[in-house]
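Some notes on the structure that comes next.
The values are calculated or read from the model by the stated rules, or taken from the named source; none is laboratory data. Owing to the predicted nature of the structure, the values given are computational and were not obtained by experimental measurement. A quick note on method: Cβ atoms are made from the backbone with ideal geometry, for glycine too, and the neighbour counts reach across all protein chains shown.
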Amino acid sequence: MKRRISISLVLILFLGYLPAFGQQSAIKAGHLIDTATGKVLDNQIILVEKNEMTGRSSILEIGPNVSIPDGVRVIDLSDQWVMGGLVDAHDHLAITYKEEPESWFYYMTIIMDSTPLRAIQAMSTGFQKLASGFTIVRDLGNNGLYADTALRQAIEMGWVPGPTIINSGIIIGAFGGQLYETPEREDTVYPEYLNADTNDEIVKAIRRNIHYGAKVIKVCVDCQAYPYTTDQLKLFVSEAANAGQKVSGHVQTREGARRAIEAGLWSLDHDNALDAELHSMMAKKGIWRVGTETPKADFMRPMSEERWNKRVEMLRDAFDQGVKLAFSTDADYYIPGLNRGELTIEFLRTWIAADIPNKEILKVMTTNGYEISETQDARGPVKVGFAADIIATAANPLEDINALRDVRFVMKDGRVFKQDGVVNALDFFHNGPVYGWRKR
Ligand SMILES: [Zn+2]
């Protein structure tokens, strides 16, 4: 009996300490954009709940006449344009190309920077991207020994704020990966690349990545003179599918792209080799185009007029042919004066140059992003029952897509990360097993 009382007492005390459990907030949205359709509803109230025990959040109600319970935090965005978060479908958060000391090449990073250091860097770059409204990032390799997994786990465990991370672990490639081995030190490219030449090695590399926390598989299709065969790429697809995962392929040659399409990869990353004929094949098979369309002001290397024109023309061609398009950047380099989020949004320039309508660019950056990330049934759209990831701009992006350059408000998982243009992220940092240990 005595014991029962003490348990009840402990429970009562415990519950007494949980005022934040299921804490709600209400957003007064002046203009709520459905990014899938471009439709706008004015004067909506979005009731949101964040669960302090699980880290999960959800949108409880949306409508013009939602009643706001007493004591609920009210967030007034009645003069703003409210929508789901943005998605960058291709970046590398634990690396930054830079002129010094490595002449825009990353051997120095691999040799001099430890994975723990790069994991902290990844947290910083993810933070910067979230501040620009990117609530989901596909982080596709070049992250040392799984700094990308560490970042995803840290965000999911509630230690730090950041976008939802869909990470690839180590990029799998034929001998040499995307770099060059030195005979004196074989496997120099590890851990930036996992060399996998035979079918056995391919299966092992995929399983290894998945075991160490990858959520998508990244393959360098044709980075060496000995590209993967169509059959090998099919093996990638089936082995990843065995664990419910998709395969994203770095492609840089026409033949590589053709094989990747034939093998049915989930996405083809980089636009350099893509042309109208390949676009037509991609459209038929429903393969994502992750073009990483660097704008003309290519901050790393000068880009010829010819190359820029081709980039814009081909993006337009892909759009016209109905290829599934994702906003993607590869914005993994350092430009003085720009943080990583500001650099990411610069990639709008290419989409504007391709004369793609604002409504469609916004859809690519949101709705399409949720689909390529496979979060579309739980996270992304501003809908009842979905995770509360919400951003807002001062101006209407349907009228001028450059409105996205000034994201004033960011809510991630029901927590306010940025308001009135100012980041205040303390609500995201926890030092205990708040959402449970051992997220894999
Ligand atoms: Zn990349």
### Task
Kindly check whether there is at least one residue in region 405-423 that is in a helix (DSSP H, G or I), within 21 Å of the chain's Cα centre (by Cα) and surrounded by 16 or more Cβ atoms within 10 Å (Cβ to Cβ).
yes
### Query
Inside region 247-259, can you point out the residues that are in contact with a helix residue (DSSP H, G or I) (Cβ under 7 Å, 6 or more places away or on another chain), within 16 Å of the ligand (Cβ to nearest atom) and not β-branched (Val, Ile, Thr)?
Gly249, Ala257
### Any strands (runs of 3 or more DSSP E) falling wholly within region 175-262 and containing at least 2 residues that are touching a Cys at 6+ places or on another chain (Cβ under 9 Å)
247-250
### Summary
Restricted to region 111-147 and to residues being within 15 Å of the ligand (Cβ to nearest atom) and touching a residue at least 60 places away in the same chain (Cβ under 8 Å), the residue farthest from Gln178 (Cα to Cα) is Lys129
### Summary
Checked pairs for region 247-268, first closer than 11 Å to Cys220 by Cα, second of a type in the set (S, T, N, Q) and within 15 Å of the ligand (Cβ to nearest atom), C-beta under 6 Å and 6 or more apart or across chains, list as Ser248/Ser267; Gln252/Asn272
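Let's see how each residue does on (1) more than 26 Å from the chain's Cα centre (by Cα); (2) at pLDDT 95 or above:
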| position | (1), (2) |
| --- | --- |
| Ile12 | yes, no |
| Gly22 | yes, no |
| Ala36 | no, yes |
| Asp42 | yes, yes |
| Glu49 | no, yes |
| Pro64 | yes, yes |
| Asp70 | yes, no |
### Task
Please work out which one of (1) part of a helix (DSSP H, G or I); (2) crowded, with 21+ Cβ neighbours inside 10 Å is the condition Leu117 fails and give its number.
(2)
### Message
If a residue must be over 24 Å from Thr182 (Cα atoms) and crowded, with 17+ Cβ neighbours inside 10 Å, how many such residues does region 195-207 contain?
### Response
1
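Residue-wise test of (1) within 21 Å of Asn167 (Cα to Cα); (2) modelled with pLDDT of 95 or more.
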| residue | (1), (2) |
| --- | --- |
| Glu293 | yes, yes |
| Met300 | no, no |
| Arg311 | no, yes |
| Met314 | no, yes |
| Pro336 | no, no |
| Ala354 | no, yes |
| Glu371 | yes, yes |
### Test: Asn396 is part of a helix (DSSP H, G or I), polar (S, T, N, Q), modelled with pLDDT of 95 or more and not assigned by TED's automatic domain parsing to the domain that holds Glu100
no
### Query
Does any residue of region 186-196 turn out to be within 16 Å of the ligand (Cβ to nearest atom), at pLDDT 95 or above and touching a His at 6+ places or on another chain (Cβ under 7 Å)?
no
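Mind checking which residues of region 84-110 are more than 16 Å from the ligand (Cβ to nearest atom) and surrounded by fewer than 17 Cβ atoms within 10 Å (Cβ to Cβ)? Can you show your working first?
So the first thing to find is which residues in region 84-110 are more than 16 Å from the ligand (Cβ to nearest atom), and the list is 84-86, 99-103, 107-108.
Passing the criteria: Glu99, Glu100, Pro101, Glu102, Ser103, Tyr107, Met108.
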### Task
Within region 236-259, track down each residue that is of a type outside the set (Ser, Thr, Tyr) and either more than 24 Å from Asp139 (Cβ to Cβ) or not assigned by TED's automatic domain parsing to the domain that holds Lys285 (or both).
Arg254, Glu255, Arg258, Arg259
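Taking the stated definitions as given, is Ala354 over 22 Å from the mean Cα position of the chain (by Cα), within 16 Å of the ligand (Cβ to nearest atom) and surrounded by 15 or more Cβ atoms within 10 Å (Cβ to Cβ)? Give the steps one after another, and end with the answer.
Numbers: over 22 Å from the mean Cα position of the chain (by Cα): yes; within 16 Å of the ligand (Cβ to nearest atom): no; surrounded by 15 or more Cβ atoms within 10 Å (Cβ to Cβ): yes.
The answer is no for Ala354.
Go over the candidates Thr344, Thr366, Thr329 one by one and state the one that is modelled with pLDDT of 95 or more, touching a strand residue (DSSP E or B) at 6+ places or on another chain (Cβ under 6 Å), not in a helix (DSSP H, G or I) and not assigned by TED's automatic domain parsing to the domain that holds Gln80.
On the way: Thr344 fails: not in a helix (DSSP H, G or I); Thr366 fails: not in a helix (DSSP H, G or I).
On inspection, the qualifying residue turns out to be Thr329.
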### Summary
Within region 151-175, of all residues that are within 13 Å of Ala214 (Cα to Cα) and without any contact (Cβ under 8 Å) to a residue 60 or more places away in the chain, the one farthest from the ligand (Cβ to nearest atom) is Leu151
